[in-house]
Amino acid sequence: MASLFGKKVFEINGQGPPPTKYFFQLTVTKTEVIWRPWKISLRIESKGAAPGENKMIHDYLHDAQQVDVVFGRQILQYTQALCHGNFDYLERLPNDLLLQILAFLELKDVALLAQTPKRFHKLCNSPEFWEQTVRGRCDKLTPDNGGPSQNAMGWRKIFYIFTFYMYMEVARHFNKTVLLIS
């Protein structure tokens, strides 16, 4: 799993809160944390000024308060977790591999997963996921009953319409069986 990490484990950029116009970059590598502030100013003496740079080892994140002010408590906690070796490997997997994993989940589990981080919400609601779901779970779907007509409606809608029709077909079959038995 360590091969999923390049030199940079995490990086974020942003502007500090008012009244300063500083721009900040936080980079976490496998061995250190790099904090870079840039002073943004229209004054001539600030023109072309190089950014500052503080490099620190993982155990010593001395700009923790600045990270909290600029990027928020959640980014600070995530950065500290990375420094302590708590890597979120699932978050680093490519989308096509995550789609293959999602194919094995029940839809109720996918619905729960869609309520987690933004990346999973987007992935669980993506046309690629719903196309995969339709093709994998709707084996009776043919071009006559809605297969390639997905351009007119989304894959998600096709899935729910197909599921509804299958439910109705099972209910009709069940009612015929009950009538024959009676």
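The values are calculated or read from the model by the stated rules, or taken from the named source; none is laboratory data. Just so we're clear, the structure is a prediction, and the values are computed from it rather than from any experiment. We place every Cβ from the backbone using ideal geometry, glycine too, and count neighbours over all the protein chains shown. These area figures cover heavy atoms from the full protein model, side chains too; ligands, DNA and RNA do not enter into them. Shrake-Rupley method; radii C 1.70, N 1.55, O 1.52, S 1.80 Å.
So the values come out like this:
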item	result
Simple Cβ-charge dipole of region 8-84, Lys/Arg +1 and Asp/Glu -1, about Cα centre, in debye nearest 20	280
Rounded, prolate or oblate (a/c below 1.5 giving rounded, otherwise prolate when a/b exceeds b/c) for region 8-84 by Cα gyration tensor	prolate
Rounded to whole Hz, the Karplus (6.51, -1.76, 1.60) HN-Hα couplings of region 160-170, x for glycine and proline	5, 5, 4, 4, 4, 5, 5, 4, 5, 5, 5
Coil-residue GluC sites (Glu not before Pro) of region 22-120, DSSP, other Cβ within 10 Å capped at 15	Glu53, Glu106
List Phe120, Phe104, ordered by accessible area with a 1.4 Å probe, largest first	Phe104, Phe120
